[in-house]
Amino acid sequence: MPKQKLVVLTGAGISAESGLKTFRDSDGLWNGYNIEDVATPRAWRKDPQLVLEFYNMRRRDVLQAEPNAAHISLAALEKDFDVHIITQNIDDLHERGGSTNVLHLHGEIFKMRSEVSDSLVYEIKGDIKLGDTADDGEQLRPHIVWFEEAVPMIEPAAMIASTADIFVVVGTSLVVYPAAGLINYAPRYVPKFIVDKSIPYTSSLQNLTVIEEPATTGVARLAQMLEQYK
C-alpha cells in the first residue's frame, strides 16, 4: 500500500528555534533593519551594497545554525509517509535535518543569481560583493524572493498542496501571502494540523487539529498523532 502524502508548510517559527531571527521578532526586523531598506527591489536599486551586506550576514548566521528537533522529526516522518516540505524559509536546515523533498517558496540563502536573468543561478557559501557578475555580465544578487516580487514557486506548491492526504502547518503565522493561502488548496476533507506557539485565526478550516506549542515539542506531539494514519 502506498504511503500517505504528508504535505508540511513551514515558516520562520521552526528556524527561530535554531537561533535564526525572524522579521516578526518583537525586537524588530532582522537585527533592526527595516524591510523596506533590505528586502525589496527598491532597496536593491537604492543601495545594493547594504542589501548584499545584510544577506551576507544572514548567510553567515545560517552557516552557524544547526537543525533542531523539529527539522529532524519531520525528516523522520519520511519512514512512514510520502513527505513534501514546502518552506517559506531561505535556510537549508530542513535539508541538513534529513528531509529529501523540500520546496523553497522564497528562495535560498546559499544561492545567488543574475539581477537580470533569474535562470542564471549559482551556489554561494561566502559573501556576494558589488562587482561580482553572472555569466551574462550582470551583478549577482541573492536568490531570494523579496517583498513586492512575484513568488514563482507558488504554483508548484499549490499543486502539491492540492494532492495532500494530510496537511500540516508548522511555525508560521499564516499572514504572509501567497504562502498563507496554500492551506486552502488542501482538500477540505483531509486532516489538517497546525503547530505553532501562537495559533493563527483558522475558524474556516475543517478537520483541523491545533497543537499550540513551539515547533520542537509540537512536531514530536504531531508525530504521535500521525501514528493512526500510517
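Put simply, the stretch 123-168 fits an ellipsoid with semi-axes of 33, 12, 10 Å; these come from the alpha carbon gyration tensor as the roots of five times its eigenvalues, largest first. Peptides 82-89, 8-15 ranked from most to least packed by the mean count of surrounding Cβ atoms within 10 Å: 8-15, 82-89. Each Lys and Arg contributes +1 and each Asp and Glu -1, all at the Cβ; summed about the Cα centre of the stretch 6-118, the dipole is approximately 260 debye.
The alpha carbons of the chain give a radius of gyration and a Dmax of 17.9, 56 Å, in that order. Counting Lys and Arg as +1 and Asp and Glu as -1 over every other residue whose Cβ lies under 12 Å from the Cβ of residue 215, the net charge comes to -2. Which whole-number percentage describes the relative contact order of the stretch 1-105, with Cα contacts under 8 Å and a sequence gap of 6 or more? That works out to 37 percent. Across the chain, the relative contact order, built from alpha-carbon pairs under 8 Å that are at least six residues apart, equals 23 percent. Using bins of 5 Å that start at zero, the share of Cα-Cα pairs per bin across the stretch 1-109 amounts to 2, 12, 20, 22, 17, 11, 8, 5, 2, 1, 0, 0, in whole %. Taking Cα centre as origin and charging only the Cβ of basic (Lys, Arg, +1) and acidic (Asp, Glu, -1) residues, the dipole magnitude of the stretch 118-161 rounds to 180 debye. Shown here for the stretch 62-145: trypsin sites (Lys or Arg not before Pro) in loop regions (DSSP other than H, G, I, E, B) with at most 14 other Cβ atoms within 10 Å, namely 125, 129. Pair-distance distribution P(r) for the stretch 74-169, from all Cα-Cα distances in 5 Å bins starting at 0: 2, 12, 19, 20, 18, 12, 9, 5, 2, 0 percent.
Within the shell defined by Cβ-Cβ distances under 14 Å, the residues around residue 79 carry a net charge of -2, with Lys and Arg each +1 and Asp and Glu each -1.
Taking amide H atoms as placed 1.01 Å from N in the peptide plane, the amide H of residue 86 lies under 5 Å from those of 8, 9, 10, 103, each 5 or more residues away in sequence or on another chain.
Computed over neighbours whose Cβ is under 14 Å from that of residue 5, the net charge equals -1, Lys and Arg +1, Asp and Glu -1. Relative contact order of the stretch 55-147, taken over Cα pairs closer than 8 Å and 6 or more residues apart, is 26 percent. Helical content alone sets the calculated 222 nm signal of the chain at -7500 deg cm²/dmol, taking -39,500 (n - 2.57) per DSSP H segment of four or more residues and averaging over every residue.
Read the figures in this text as sums done on the coordinates, not as results from a lab. What you are looking at is a predicted structure, and each value in this text was computed from that prediction instead of being measured. Note that we place each Cβ from the backbone using ideal geometry, even for glycine, and neighbour counts take in every protein chain shown.
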